Every structure is written in C-alpha cells, then in structure tokens.
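Visitor: Let me begin by handing over the structure; questions about it come next.
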Amino acid sequence: MHTAAPILGLALLAGIGNAMLRPALRSALPIIAGDVTQTAVAWYDTCRWFGLTAGPLVAAALFALSASSCRWRSTPSASWSPPG
C-alpha cells in the first residue's frame, strides 16, 4: 500500500533546503557583486519573482494544451472502454 509519508518527507526536505538556500544566496551577493550590490540584489529579486509568476503560467498553458489534445476524454456512452 502506498502512503503519503515519502512525498511529505521529500517536500519537507525541499522546503528546508529552499529556506536555507535563499538567505545564503542573498548574503553572498555583496561579496560577488562588489560595487554593484544594489543592482545585483534588484536583478536577483526580479528574476526570482518573474520565475514565481511565469512558472505557474507556463505550466497552466502546457496543461491546457495537453488537455485539449488528450485522447482520454469522457464519453456520454454508458459502455465505455479504453482504446486498444
């Protein structure tokens, strides 16, 4: 029997990794960017927010495109069987 425990464990691990990575990247920007720290921080935040916005939009568009060409549409017939 499959349980949700492995998925929840991996999601927790990914969340912890993400929570540790963002502050580490943010604190490294002044060392890497030097005199243009403010510009680097602005670009970092812009790219992060663009990814958070555009990622779900791209996923929704791909989902909509794949759903429109799906062969497994429900039929009104009472005696439905899978093709093949």
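Visitor: ³J(HN,Hα) across the stretch 4-14 via Karplus (A = 6.51, B = -1.76, C = 1.60, θ = phi - 60°), whole Hz, x for Gly/Pro?
Guide: The phi angles translate into 8, 4, x, 5, 5, x, 5, 5, 5, 5, 5 Hz.
Visitor: By count of other Cβ within 10 Å, fewest leading, how are Leu57, Leu25 ordered?
Guide: Fewest to most other Cβ atoms nearby, the residues stand as Leu57, Leu25.
Visitor: Above 11 Å lies some portion of the pair distances; for the stretch 1-46, what is it as a whole percent of all C-alpha pairs?
Guide: Cα-Cα pairs in the stretch 1-46 separated by more than 11 Å: 71 percent.
Visitor: A further question follows. Please list, in order along the stretch 28-39, the HN-Hα scalar couplings obtained from phi with the Karplus expression 6.51 cos²θ - 1.76 cosθ + 1.60 (θ = phi - 60°), rounded to whole Hz, x for Gly and Pro.
Guide: Whole-Hz 3J(HN,Hα) from phi for the stretch 28-39: 7, 4, x, 6, 6, 7, x, 6, 9, 4, 4, 5.
Visitor: Measuring from label point to label point, each 7 Å out along Cα→Cβ, what is the Leu10 to Phe50 span in nm?
Guide: Between Leu10 and Phe50, the label points sit 3.0 nm apart.
Each reported figure results from applying straightforward, stated rules to the coordinates on display, with no laboratory input. All of these numbers come straight from a predicted model, not from anything done at the bench. Because the Cβ atoms are built from the backbone with ideal geometry, glycine has one as well, and the counts that use them run over all protein chains shown.
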